Structures are given as structure tokens and as C-alpha cells.
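Inspection log for the structure reproduced underneath, given as C-alpha cells.
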Amino acid sequence: MEAAHAHAHDDHHHAPAGIGRYFTTTNHKDIGSMYMWFSLIMFFVGGFMALVIRAELFQPGIQIVNPDVFNQLTTIHALVMIFGAVMPAFVGYANWQIPLMVGASDMAFARMNNWSFWLMPPAAALLVGSFLVPGGAAGSGWTLYPPLSIQGGISVDMTILAVHIMGASSIMGSINIITTILNMRAPGMTLMRMPMFVWTWLITAYLLIAVMPVLAGAVTMLLTDRHFGTHFFNAAGGGDPTMFMHIFWFFGHPEVYIMILPAFGIISHIIPTFARKPLFGYASMVYATASIALLSFIVWGHHMFTVGMPAAGNLFFMYATMLIAVPTGVKVFNWIATLWKGSITFETPMLFAIGFVSLFTIGGFSGLVLAVTPVDITLHNTYYVVAHFHYVLFSGAIFSIMGGAYYWLPKWTGHMYDETLGKVHFWLTAISFNITFFPQHFLGLAGMPRRIPDYAPQFTEFNQISSIGAFLLGFSQLLFLYVVIKCIRGGVKAEAKAWEGAEGLEWTVPSPAPYHTFETPPAFH
Amino acid sequence: MSSSSTHDVYYVPAPSKWPVVGSTALFLLAIGFVSLLHFGKTQAYVLLAAGFATLTYMLFGWFGNVISESESGKYNAQVDASFRWSMGWFIFSEVMFFAAFFGALFYARQMSVPLLGDVDNQLLWPGFKPDWPSMGPYNATEFHPMSAWGLPAINTMLLLTSGVTVTWAHWAIKKNDRTQLVLGLAATVALGLIFLFCQMTEYGEAAFSLATGVYGATFFMLTGFHGFHVSLGTLMLIVILARSLKGHFTPEHHFAFEAVSWYWHFVDVVWLGLFVFVYWL
């Protein structure tokens, strides 16, 4: 061990052989790859649940799953997609890209980095495995509202512990990312010269450290209410179920931005590259990101307009929520201004980026609709909400993850991906996504409630369209898996600077990036 | 790369088994805990014991690695700065953890209890007086809340004094006075242990429990998690004391000491919040 330490820098310039290295690795690229594969697997697991939900909703009545299982599927689909697919994907990108982008030799805490990853599989096992225990998985919805979550069975405890473990992973990962960004930038890279992806992750990591412990506190109180006789969320003992909602959404709303700020960062790299122009309004982009993060702490009440908060509270949360449209509008304006008079080409990452800007903006606007308290009182818990958050999470977060994957695959694998198949994947995804979720706006406006396996017959047609779209959307993602595997196995050799218009330190190292990069800090101009 | 230049580059540790060992430990503890709540006690105790043993093995091994790397001079100034940033952010995460429970306390006192006593709820809970401390309207009985001016006031003095002794020890480390360092740390550990003893006595004398409505819940959760943090802090101080006796640390290079003292001041500040909002007001 000692000898290995003394020569830590000259005995493993090459990746150690064998799959076993992943259990002990301290390499940010290995760990980043593991995060991405984990995320992709969970994406398919959560996607499978979504397809069961959509199959059940293909027609009115109960056909495939009973209402209990339906509730379990919606609950675990959400938790798996949020904590298993979207967040680990962004952490994987952070692991791969941040050291390359700031010119660091690795993450600040390379060993702890591996622990952040290796906490994910046990947490996923607790979460997904809870389908197998007596009573089935948690069916309270991913928000785990009491009293339903207090009445739930074994699986609720497993879910709570999974949330604890994933929270620990997130906090360690975030501390690592913040420290890497603040302390390991190449000389000359001042804060206001950092790549946008790094900026967005700095702010995201801050949000994670601020709110994951609050979620841990909330689920701990659930646990003690369930088993140890406390009355935090029970009015008989002077508590209040609404209290859980306040604490949960104090976490939950920043969590929404945790899942979108890194997406903004990725898009802010793809658009300048393929428009062959520097990002328009860099400084305003940074300030807009920070403003969104700060505002995220004072808007949680918009998730609970219907619980009977005082009118003044509802108004405060309505106006605060609408304020967020301002910095978000700044961002969309900047992306479009970057495209203005650019020499634009439409490679797959650019298609996903443009799809992101168009469709995420629709999700942003439906968010503004929901921010209006009186409107939300009608639309609360309808399919309008489901449509809204899938527009921001699928055509927002997931589109940026897909676009980012195509954008950086040449750097990660050393090969160009199959451009034709990539474009087919984009168009299949974009079209089937809209077939799936656009009709849900109409369903919600017409009053169809979410989280119910049965519905009134007048909702049938739009549900059938939505279900057909969902299956197309789900199976289209297998094409993504195929493109990724094909790209790993071979293809046109990628140059160090894989894209003509790409800027940044990560494009100065060979493709694929060597196992160790920037062991001495690079010159940054 | 020569060994002299190793010091100039950022130290990246060799592959390590500790993360996977740690994850195994937490998984065992999680399924052990679920078993304890729902299945056989015997298998639960086996799983929990295995989990704690694995966790202890990991903590000794991992911290052992870090200490030997630190003592052999592998951590340059940049690594030191990383440790400082990370400890600061870790303490911030702890602050937010306590914020959730303080939030519950303030919500109960300002919102849920007063609302239970308002006109709307008179039909449901006739005669309920929404005064703090409250155990809620159901089964409401007289109980004696914890007074601030007995043991809690003594505990406040103990923790504030321990903040002084740990600073005195820090002065010693900076002027390389090993005797004062050991004395200061030993005094801090002793004060921590006396605090924990007083806290346990207080719990023993409490005329209410975790199940005494929202007052009992917030009281025991806040003071309990604080007590848990004091226990961890005391353990950390004991490790630092043992390392000081072994001759670790130099006047320039002693971040482990500083990290523990930051943590100790943090639990001290949390206590002041507890003293004011849980015991006093």
C-alpha cells in the first residue's frame, strides 16, 4: 500500500485491466462512466414502469394492474427517474467533464468520489427491491405525504432509508464538486472565465448541500412518526400533515432546479459550438443561474396552493414563482441570441439543444400558468401538471443529457457516433415525446386527475394517443443504447477537438481522453 | 516523476477498497434496521452487528489511510485548502439538517398548535387551549416541560467552556506547546463527556417522552440529534487527543485538529439555538 502511494503518479498511467478495477477506482473518468451506465439502466427501469402505467391508461377501466400496484408504479417511477436517472447522469457528466474543463488532475477527493457512486446501487436495490416485500412498494407518491406514507408498509421504510443513502451520496458528491471547482482550476481561470457547465454545477452543488439534509430531516420525522410515537405530522398530537409538505417542498423546489441547472450548462456549450459563436451574454447567464437558485428557496408554496395556506401566503408564492420567469427568460434569450447570425449546423447534439430550447420553453410557460394561484386550484393534481413537469424534465433535463452524450461521446470513446442513427433517434424522441405529453395538457384542462388507474370515458382518445406515443418514445431509447454501444466499439476516429466550433480545455486533450489528464495544471488563456 | 516533485502535484490516492466496504456496511445497516422494525429480531441483530462491524472496519481503515498519508507529507497546500473547503461545506449541510427540525419546531409553535385552537377547530377539539408547550388536543394531559434553568443552563456553561478550552489547545498547537495542547484537548473531551452525562440525567428525569405530542417530538429529536453530534464530536476529539499524544501535527500542518474544532464550535452554536428555542422561550 505504501509503495503504491509513493508512486501514485507513475504506476498507473494506463487504465488497470479487468472489470474489478471499478470497485476500487479513484479515477474520475471511471467513476463518471459508472454513474452514466447506472443512470442509463435506471432510465430503462423507470421507463418500463412508465410503460406499464401507460398501458393501463390505454383505455378506461382496470386491465393490467390493480390500483395499489398502479400507485406503487407512479411512486417508484418518479423516485427512480429523479434520483436514479437524471441526477446520476448529471453527476456522471460532472465527474467526466469538470476536471477536464477546469484543468484538474482529478476530483478533489478521488476516494470519496467512488463512495458517492457506490452508495447508489444499494439505495437503488432498497428502492426497486421494495416491490418484492409483503405489501409491495411505497404507493404514497414520490412526495411521501403523510398520513398515507405513515400508514404504508415495510416498503416505506426501505424507501426512506434509500432516500437517506442517496442523500448522503449527493452531499458527498456535491462537496467534492464544489471543492474541485473552487480549489483546482487551472491558473488564470478566474470564476468569471469558467465554462458555463462548471458554473451551473457549482450552483447546483450548493443547492444540493443546502436541501438534501432538509429532505433527510423530513423523512427521519416520517420514520419516527411511523415507529417511535412522535406526532410531527399528526394533528391529534399538535402536529400537522401540512408541515411535512412545507419541509418536503423546501427541499423539493430547489431539487427541481438541481435537475435543470446542469442541463442549462450543457446547452450553453452545445449551442455556441454548432453556431460557431461564443455564448451570448456569459455574465448574465451566470447571474441568471444564481438568481434562479436563490429564488428556488422561496417558491415552495406553489406546490401546495390547495392545502389552505393564508391568502397572503398564496399570493407571495405566486409572485415569487413568476419572478423565476425573468432569469429563465434571460437564458432563453441568450441561447437564441447566440444562434443569431451564427454558422449553424445541425448535428445530433445541436438538434437536441434546439429541441431543448423549444420544448423546455413550453414547459416553462405551462409552469407560469400553474403559478397563478386561482388557475392552479383548478389544475392541481391533474394531467396538466404531469404534462408540465414532463416538458421540463424529459424535453428539458433528459434532452440535455442526450445532447450532452452525443456531444461528448467522441471525447469519451475516441470515436464519432453514427450521425444518421443519432438524428433518427432525435426525431423519433422529439416526435413521440410530443405525442405522449402534449395531449396530457388537454386531459388536465378537461379535469382528468393524475395517479388514478381508471378514468371517465370522455378522456379515452387523448389517453390512447398518449399511450401510443409513450411506447414509441420508450422503444426509441433502445436506439440510443445501440448508438452508444456502437460508438464505444468503433467508428471514425475522433480528433482532439471533435467539433470544429468547440472551445475549452477538454478539447485540448486527445480523444479518447487518456486515463490521466492535466497531472500538472495546463496553461489557460 | 521524481519523489520531490510528487509534493508539487495534487495528491490523487491509489485505488481503495474502503468506499465499497462502506457501502456494504450501510446496506447491511439499512436491511438490518428494516428487519428490526418488521421481521425477526435475531436476524436483525445479526445484520446490524455485521453492519456496525463493517462500518467500524471501514472508518478505522479509511481514516488510517488518510492519517498516514497526511503524516508522510503527501498533502500539499492545495490539498489542505480542499480539506478546508469541504469541512466548511459539510458543516453547512449539517446546519441545514438541523434547520429541518428547527423548522418543524417553529411551524408547530407558530402554525399547527395555534390553528388547532382557532374557531374552525372548536367543534373538533372543544376546549383545546393552544398554549406552548403542547402535546396536542387528543389525550391532552398536564405534563411538566423541561425547565431551562436547571441542567440545561449548566450544560450551556459546559459547552461554552469547552469552546474556550479547544481554542486554548489550538493556541498551543500553533506555538508548539505539546503539554498545553494535550491538557486543552483533555479538558475539552472531559467537558464533552460531562455534558453527555448531564444530558442523559436530564433525559432520565424528564416527565414526558418522545410520544408526548409535538412538544415531546421536537424536544427529543432536536436534543437527541444534538447529543448524537456531541458524541461524534467527542469521539473525534479523542482521536485528535490520541494523535497529539503520538506526536502528530505541526504548528503549520494540523487541519484535522482545526476541522474537529470547527465541528465542535458548530455543535456549540446548535446548542445555543436549542437552549433559547427549546428550553427557554
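Couple of notes before you dig in:
- Computed from the Cβ-Cβ distance with R0 of 30 Å, the FRET efficiency linking A:ALA337 to A:ALA523 stands at 0.45.
- Volume per residue of the convex hull around the Cα atoms, evaluated for region A:474-525, comes out as 127 Å³.
- Couplings 3J(HN,Hα) of region B:101-110, computed from phi: 6, 4, x, 4, 4, 5, 5, 4, 6, 9 Hz, in residue order, whole Hz [Karplus 6.51 cos²θ - 1.76 cosθ + 1.60, θ = phi - 60°; x for Gly and Pro].
- Size-normalised alpha-carbon gyration radius of region A:388-486, reference 2.2 N^0.38 Å: 1.28
- Cα centroid separation, region B:17-76 to region A:314-342 (Å): 46
- Distance (nanometres) between label positions extended 7 Å along Cα→Cβ at B:THR250 and A:LEU315: 6.5
- Placing dummy labels 7 Å off each Cα toward the beta-carbon, the span from B:GLN43 to B:ARG178 is 5.4 nm.
- Across region A:187-271, the relative contact order, built from alpha-carbon pairs under 8 Å that are at least six residues apart, equals 43 percent.
- Amide H contacts of A:THR230 (H built 1.01 Å from N, under 5 Å, at least 5 apart or other chain): A:ASP225
- Given charges at Cβ of Lys, Arg, Asp, Glu: the protein assembly as shown dipole, positive-most of A:VAL214, A:HIS303, A:PHE38: A:PHE38
- From phi via Karplus (6.51, -1.76, 1.60), per-residue ³J(HN,Hα) for region B:196-210 in Hz, x at Gly/Pro: 5, 4, 4, 5, 5, 4, 4, 4, x, 8, 4, 8, 8, 9, 4
- Per-residue ellipticity at 222 nm computed for the protein assembly as shown from its helices equals -22500 deg cm²/dmol, with DSSP H segments shorter than 4 residues left out and the rest contributing -39,500 (n - 2.57).
- Protection-proxy order for peptides B:221-227, B:201-207, each taking the mean of Cβ atoms within 10 Å per residue, highest first: B:221-227, B:201-207
- Projected-area mean, chain A, by convex hull of Cα positions, square nanometres: 24.6
- Against the main long axis of the alpha-carbon atoms of chain A, helix A:348-371 sits at an angle near 30°.
- Mean per-residue shielding of peptide A:413-420 is 0, counting Cβ atoms of other chains within 10 Å of each Cβ.
- Rolled with a 1.4 Å probe across the full set of protein chains, the surface gives B:TRP18 an accessible area near 20 Å².
- With semi-axes defined as the square roots of five times the eigenvalues of the C-alpha gyration tensor, the equivalent ellipsoid of region A:99-179 measures 33, 12, 8 Å, largest first.
- Positive-pole candidate from B:THR42, A:THR420, B:TRP171, dipole of the protein assembly as shown, charges at beta carbon: A:THR420
- The Rg/Rh ratio of chain B, with both radii computed over alpha carbons and Rh defined as the Kirkwood radius, is 1.05.
- Residues in region A:178-213 that, when all protein chains are in place, have 50 Å² or more less accessible area than the chain alone would give (probe 1.4 Å): A:LEU182, A:ASN183, A:ILE209, A:PRO213
- Think of each Lys and Arg Cβ as +1 and each Asp and Glu Cβ as -1; about the Cα centre, that makes the dipole of the protein assembly as shown roughly 980 debye.
- Value of relative contact order over region A:299-370, rounded to a whole percent, pairs C-alpha under 8 Å and six or more apart: 32
- Other-chain or far-sequence residues with amide H under 5 Å of A:THR382's (modelled H): A:ARG450
- Averaged over peptide A:494-504, the number of partner chain Cβ atoms lying within 10 Å of each residue's Cβ comes to 0.
- Sulfur and carbon atoms: percent of accessible area, the protein assembly as shown [1.4 Å]: 72
- The residue among A:PHE83, A:ALA168, A:LEU100 whose Cα reaches farthest toward the positive pole of the charge dipole of chain A, with charges on the beta-carbon of Lys, Arg, Asp and Glu, is A:LEU100.
- Ranked from largest to smallest solvent-accessible area, with a 1.4 Å probe on the protein heavy atoms, A:ARG54, A:ARG226 come out as A:ARG226, A:ARG54.
- Rounded to the nearest 10 square angstrom, B:LYS41 shows an accessible area of 110 square angstrom against a 1.4 Å probe.
- Dipole magnitude of chain B, debye to nearest 20 (Cβ charges: Lys/Arg +1, Asp/Glu -1, about Cα centre): 560
- Among the protein heavy atoms, those of B:VAL182 account for about 40 Å² of accessible surface (1.4 Å probe, every chain in place).
- Between the C-alpha center of region A:226-261 and that of region B:124-182 there is a gap of 26 Å.
- Take the Cα radius of gyration of region B:1-156 and divide it by 2.2 N^0.38 Å, N being the number of residues; the result is 1.70.
- Tensor-based shape of region A:355-442 (alpha-carbon gyration tensor, a/c under 1.5 rounded, otherwise prolate or oblate): prolate
- Pair A:ILE485, B:ILE67: separation of 7 Å Cα→Cβ label points (nm): 4.9
- Annotation: amide H of A:HIS415 within the under-5 Å range of A:ALA494, sequence separation 5 or more or interchain, hydrogens built in the peptide plane.
- Within 10 Å of each Cβ in B:82-90, the average number of Cβ atoms from other chains: 6
- Considering all C-alpha pairs of region A:267-415, those separated by over 24 Å amount to 40%.
- Residue by residue, region A:447-464 carries 3J(HN,Hα) couplings of x, 6, x, 8, 6, 10, x, 10, 8, 5, x, 5, 8, 4, 4, 5, 5, 5 Hz when phi is fed to the Karplus relation 6.51 cos²θ - 1.76 cosθ + 1.60 (θ = phi - 60°); x denotes Gly or Pro.
- Pairs beyond 29 Å (Cα-Cα), from B:LYS17/B:LYS246; A:LYS277/A:LYS493; A:LYS29/A:LYS493; A:LYS497/B:LYS17; A:LYS341/A:LYS497: A:LYS497/B:LYS17
- Compared with the alpha-carbon gap, the fully stretched path from B:PHE143 to B:LEU115 is longer by 8.0 nm at 0.36 nm per residue.
- Charges were assigned to the Cβ only: +1 to each Lys and Arg, -1 to each Asp and Glu. The resulting dipole of region A:425-525 about its Cα centre is roughly 280 debye.
The values are calculated or read from the model by the stated rules, or taken from the named source; none is laboratory data. A quick note: this is a predicted structure, and the numbers were derived from the prediction, not measured. In this analysis, Cβ positions are derived from the backbone assuming ideal geometry, glycine residues included, and neighbour counts consider all displayed protein chains. SASA here: full protein model, heavy atoms, side chains in, ligands and nucleic acids out. Shrake-Rupley method; radii C 1.70, N 1.55, O 1.52, S 1.80 Å.
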